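Derivation of every value follows stated rules applied to the coordinates shown; laboratory data play no part. The shown structure was predicted, so the numbers you read here are calculated from the model rather than taken from an experiment. Heads up, the Cβs are rebuilt from the backbone with ideal geometry, glycines too, and the neighbour counts pull from every protein chain shown.
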Amino acid sequence: MTEICRQIHGIFKDRNLVAMNKSKTRDNPTVEWNQINWRKAERLTFKLQKRIYRASERGDVKAVRKLQKTLINSWSNKVVAVRRVTQDNTGKRTAGVDGIKLLTPKQRIKLVSQLKVIGKSQPTRRVMIPKPGTNESRPLGIPTMYDRALQAVVKAALEPEWEAIFEPNSYGFRLLLVMSRRDWSHFSQYQI
């Protein structure tokens, strides 16, 4: 009986019990960037997005928030977001304030492990770009790679909730311009 009390109160110091809650792969990732199963990562992200969409349609706010938190902390969502920002996006070679233009595969894995939705973002780099058809120019803010990846992670979590709430005839700034709300399951065909 005393041994059980010691285990409950944390006096019993067994290595397996102490190390049970500590992640062994967060500091020393065993996954290589080139070995990631992208189809599986995108499918896991899409499944969570679909669950958020359905919960939002039902009006279950508590389930939506829990699923969004799960998606934001999901490794597969972070990996997909980093790939979109560093490889798929046309502005992938545009440097922010930090001056980083390209990331190696090891740096991408490190960026995935560092992504957390806390704190403030870094300032954006302001570049003046010409307006089409005139001689005037307008400012453009370019965020850092970290901030772009974090925006992609959060966007993936927020978008399904609002897609379910939008009016059926509202087409401004939406991904699915001509598709109906019922065809949201075809979302995985489109790149964000």
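Pairs needed: first member in region 61-85, farther than 16 Å from PRO160 by Cβ; second member anywhere, β-branched (Val, Ile, Thr) and outside any loop (DSSP other than H, G, I, E, B); C-beta distance under 8 Å; at least 6 residues apart or different chains.
Cβ pairs passing all conditions: TRP75/VAL112; LYS78/VAL112; LYS78/VAL153; VAL79/VAL112; VAL82/VAL112.
SER56 passes all but one of (1) polar (S, T, N, Q); (2) free of Cβ contacts under 8 Å to residues at least 60 places away in the same chain; (3) more than 21 Å from GLN114 (Cα to Cα); which number fails?
Single failed check for SER56: (2).
Just give me the residues in region 131-152 being in contact (Cβ under 8 Å) with a residue 12 or more places away in the chain and among the acidic types (Asp, Glu), in sequence order.
ASP147
Looking at THR90 and the list (1) under 22 Å from ARG39 (Cα atoms); (2) surrounded by 13 or more Cβ atoms within 10 Å (Cβ to Cβ), which single condition is not satisfied?
(2)
One line per residue, one yes/no per condition, for (1) aliphatic (A, V, I, L, M); (2) surrounded by 20 or more Cβ atoms within 10 Å (Cβ to Cβ):
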{"position": "LYS40", "(1), (2)": "no, no"}
{"position": "THR45", "(1), (2)": "no, yes"}
{"position": "LYS50", "(1), (2)": "no, no"}
{"position": "ARG58", "(1), (2)": "no, no"}
{"position": "VAL61", "(1), (2)": "yes, no"}
{"position": "LYS66", "(1), (2)": "no, no"}
{"position": "ALA95", "(1), (2)": "yes, no"}
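Name the one entry in SER76, SER121 that is hydroxyl-bearing (Ser, Thr, Tyr) and in a helix (DSSP H, G or I).
Exactly one residue qualifies, and that residue is SER76.
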